[in-house]
Amino acid sequence: MTAHQTVLYEEALEQLNIKPDGIYLDCTFGRGGHSSGILKALNSAGRLLALDRDMDAIASNEAKRLLEDSRFSLHHASFLELSAIIEQQGYKRKVDGILMDLGVSSPQLDNAERGFSFLRDGPLDMRMDSNHGLSAAEYLERVDEKELVRVLFEYGEERFARRIANAVISQRQQQPVQTTLQLAKLIENSVPFRDKHKHPATRSFQAIRIEINQELEQIKIGLKQAADVLAPSGRLVVIAFHSLEDRIVKRFIRDQAGPKINPGKLPIKEQDIEQGQLRKIGKSIRAQQQELQQNPRARSAVMRVGEKR
């Protein structure tokens, strides 16, 4: 197994601009890399809340270790529940920093039973929360061909979406696709040629995972809730790993950083124009060469930062 390495660790802590007595939220606990760093920067008055959809993360040894710290609490929850949990704690508009580290983690990819990777044979699951929703296998048994083409094309940017969808539908009429390697082989046999440095199943696995976990919708809602619960001057730090995620984050920060209405030629005074909730902080941040050498997964990571007005 690949040891989990925290992406953009130093950069995330720096951009959170941590106050020792502040309140912080790590929206994707994973194996606690960022959370550990935040806790180290807090004094006895500081507080850190963390969320994760994945029960493996909640039950991990890293979580058990950090939960011994009274300043820390961990919640089995998705981005959709961010605002509710913050309100339950009495921290609405009091949060000094929020970190969102998007996408799938190394432990999820490395565990064949989770079904995220086409490199290991296992049940075709792919759910971030294994207790809820359809597995990838169940989804592929029910989805119609037109919808599957849309998902593969939009979420995987897969140019052979029609060929792959047709192969999946044809196969399930004989026998449903149940394992990761069955699906990977089916995709491999469906495409006329393969990229030199990318497995032909890469885009399709990403697309199906995004769809069954409703990842992009979760990000959109989570960003809105995060901006709402931040205290004035609180930081929102988001790490995305592919263009679809990053596009949502980039647009959200841009839209929140601008005026809410465009006065055009109307006789509206500048001071009457309502501003968005955030200020954009700096340019996008990427991993330095030293981190890339130690952790190739960081190559696709893009960090963007907004600050509450």
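Readers should treat all values here as calculations from the given coordinates under stated rules, not as data from a laboratory. Please read these numbers as outputs of a predicted model, since none were measured by experiment. Backbone-built Cβ (ideal geometry, glycine too); neighbour counts: all protein chains shown.
Observations
- Long-range HN-HN contacts of Ser233 with modeled amide H, under 5 Å: Lys308, Arg309
- Selection from Ile221, Ile58, Gly122, by position along the positive dipole direction of the chain (Cβ): Ile221
- Listed residue pairs exceeding 23 Å between alpha carbons, taken from Lys224/Lys250; Lys198/Lys283; Lys19/Lys280: Lys198/Lys283
- Ranked Asp195, Asp129, Asp96, criterion: other C-beta atoms within 10 Å, fewest first: Asp195, Asp129, Asp96
- Residue-averaged 222 nm ellipticity for the chain, from DSSP H runs of 4+ at -39500 (n - 2.57), nearest 500: -12000 deg cm²/dmol
- Segment 108-213: C-alpha gyration tensor shape, a/c 1.5 cut-off, then a/b vs b/c: rounded
- Under Karplus coefficients 6.51, -1.76 and 1.60, residue-wise ³J(HN,Hα) of segment 87-102 in Hz, glycine/proline x: 5, 4, 7, x, 10, 4, 6, 10, 7, 8, x, 10, 10, 10, 10, 7
- Reported label for calculated percent of Cα pairs over 37 Å apart given (1) 27; (2) 21; (3) 15: (2)
- Estimated vicinal HN-Hα couplings, Hz - segment 110-115 in sequence order (Karplus 6.51, -1.76, 1.60; Gly, Pro = x): 6, 8, 4, 5, 7, x
- Added length on full extension, which subtracts the Cα-Cα distance from 0.36 nm per residue, Glu157 to Ser170: 2.5 nm
- Of all the options Ser44, Ser233, Ser190, the one that moves most in a Gaussian network model of the chain with Cα springs shorter than 10 angstrom is Ser44.
- DSSP bridge orientation in the chain - percent antiparallel, rounded to nearest 5: 40 percent
- The longest part of the chain holding none of the exposed loop GluC sites (Glu not before Pro), meaning those outside H, G, I, E and B in DSSP with at most 12 other Cβ atoms within 10 Å, is 69-273.
- C-alpha center-to-center spacing [segment 110-124, segment 67-85] in angstrom: 27 Å
- Using a simple spin-label model with pseudo-atoms 7 Å out from Cα toward Cβ, Gln182 and Lys64 lie 3.5 nm apart.
- Residue-by-residue Karplus 3J(HN,Hα) for segment 294-309, coefficients 6.51, -1.76, 1.60, Hz, glycine and proline x: 7, 9, x, 4, 6, 4, 8, 6, 10, 9, 10, 9, x, 10, 5, 5
- Scoring 117-123, 178-184 by mean Cβ neighbours within 10 Å over their residues and listing the highest first yields 178-184, 117-123.
- From least to most packed, judged by other beta carbons within 10 angstrom and beginning with the fewest, Phe205, Phe116, Phe153 follow the order Phe153, Phe205, Phe116.
- Within straight-line reach of Lys92, meaning a Cα separation under 12 Å, sit the following aspartates and glutamates at least 8 residues removed in sequence or on another chain: Asp228.
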